[in-house]
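Notes to accompany the following structure.
Read-outs throughout are calculated quantities, based only on the coordinates presented, and are distinct from any laboratory measurement. Fair warning: this is a prediction, and the values are worked out from it, not measured in the lab. With ideal geometry, Cβ positions are generated from the backbone for all residues, glycine too; neighbour counts draw on all protein chains shown.
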Amino acid sequence: MAGVGLSTGSASNGGDRMKPYVQIPWSQEIGGDFSLHGMLTETWIPGAVSDSLFEETLSLERELGEAADVFVEYVGDYPQHQTASQVLNFGGAWRFTRLQQIDFHAGFGFSPASPKSYLGLGYSLRLDGLF
C-alpha cells in the first residue's frame, strides 16, 4: 500500500509537510483462535532531522469469542539519523455492538529512545453507510 500522511505533529517531526509512505501488511491464522500479524513501513519525512523512518510491527492476537480479542505486539521504529525506539505493547478490544468498541493498551519501551511506559484507552464508532 502507498499513501501520504497529513501534517499533524510538531515541526521537529515534519509537522508542516506531507509524509509519503509505503506499507507491506500481512496476516496469518495459526490455529485455534490465534493469528499472527505484521507490517513493514517506510515513511519519508522531508525537512525533518531524520528524513526517513522504517517501522516494523509483529503481533500475536487471540480472539475471545466473537466480540473480544487480546494481543501482544512488538513495534520497532528506526529513524535514519536517530536512535531506534522499540516497545512491547499489550492490549485488547471489546466490540459491544456491531458498530462500537472499547479498546485498551499498555506497554513499555526497551531502548533509550522509547517511552518508559504508557497506557491508553479508546472508543471507536464505525459509520457504515454514512456516505
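Just to confirm a number: summing +1 for Lys and Arg and -1 for Asp and Glu over residues other than residue 42 whose beta-carbon lies under 13 angstrom from that of residue 42, what do you get? Summing Lys and Arg as +1 and Asp and Glu as -1 gives -3. Mean projected area of the Cα convex hull of region 25-69, taken over all directions, amounts to 4.2 nm².
Between the amide H of residue 114 and those of 86, distances stay under 5 Å, these residues lying 5 or more places away or on another chain, with hydrogens modeled in the peptide plane. This model, with +1 at the C-beta of Lys and Arg and -1 at the C-beta of Asp and Glu, gives region 59-131 a dipole about its Cα centre of some 160 debye. With neighbours defined as other Cβ atoms within 10 Å of a residue's Cβ, the residues 44, 26 order from fewest to most as 26, 44.
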